[in-house]
Amino acid sequence: MSGNPHESLIKTPKQLVIVLVLSFVVPIIVIVLLAKLATSGRIYDKDSPAMSPEEVGKRIKPVAEVNVAAAGQAGRALKTGEEVYRSVCMACHATGIAKAPKFGDRRDWGRRIGEGQKKLVQVALKGEGAMPARGGASDLSDAEVERAVVHVAGHAGAKFREPAAPALAAAGKADGRKVYESTCMTCHGAGVANAPKFGDKKAWAMHLMHGTAELYQTALKGKGAMPPKGGNLTLSDAEVKAAVDYMLGAVK
């Protein structure tokens, strides 16, 4: 004969006591385990030795070394317009994908050429639509980008002038654009983590009110989500200031 399905599983006072004890003990054990799990990570206080500039520098050293190496290419020979086109622009402009004006198509380029060389160069430098700034090759110099524009537009009937080769920078002078592209662009390029976006006058307006000197100090010492020197502690103060000047130049 089967038992009553509604019959209680607790049949004795001893069983009742055990159930009551477990109902209190088990939740407490679970809470303690969760608390240990949540605090098991290493949480650094900003004043702890682990957050000193020297220790932070050690942790980011591999990244910093890559950044310095990239910035050190400033003295390389400039690419020709055709070289830039073949290595960067051709991926889209050869076939006209993503609405890119097709190479050699006068119809596609007619209106754009009519806007003038300066306008086309600015579009190539800053990006537009599906095309990223400098075609996605941030290591290209302004002169190389302009050479590519002259080359591409020339095959569509334009008579643009080849830009003059830029004068060599004075020895030891910091290159703000290089520092921006190797370090600052990660956040300021897209405006992530509340960083004022490069070239966005509205986003920079409030910061400009505080003056250049304070912006220098903010970049050097860090503020909010931005670490000192953008996280690249190998940068000199002069290089950080040059990067600030470069970004300010884009919104003045």
Radius 12 Å from Cβ of residue 176, net charge of other residues (Lys, Arg +1; Asp, Glu -1): 0
Net charge of neighbours whose Cβ lies under 11 Å from the Cβ of residue 214, counting Lys and Arg as +1 and Asp and Glu as -1: +2
Shape category assigned to the stretch 170-234 from the gyration tensor of Cα positions, a/c cut at 1.5: rounded
Whole-number accessible area per residue in Å² for the stretch 135-212, which is evaluated in the context of all protein chains at 1.4 Å: 57
Accessible area of the stretch 142-252 belonging to carbon and sulfur atoms, whole % at 1.4 Å probe: 57
Overall form of the stretch 128-199 per C-alpha gyration tensor (a/c, 1.5; a/b vs b/c): oblate
Packing-based ranking, highest mean first, of 88-96, 239-247, 208-216 given that Cβ atoms within 10 Å are counted: 239-247, 88-96, 208-216
Listed residue pairs exceeding 22 Å between alpha carbons, taken from 178/202; 79/178; 197/221: 178/202
Whole-Hz ³J(HN,Hα) from phi, Karplus 6.51 cos²θ - 1.76 cosθ + 1.60, for the stretch 184-195, glycine and proline x: 7, 5, 3, 9, 6, x, 10, x, 7, 6, 6, 6
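The values are calculated or read from the model by the stated rules, or taken from the named source; none is laboratory data. Quantities reported herein were computed from a predicted structural model and do not represent experimental measurements. Heads up, the Cβs are rebuilt from the backbone with ideal geometry, glycines too, and the neighbour counts pull from every protein chain shown. These accessible areas exclude ligands, DNA and RNA; they are computed on the full protein's heavy atoms, side chains included. Shrake-Rupley method; radii C 1.70, N 1.55, O 1.52, S 1.80 Å.
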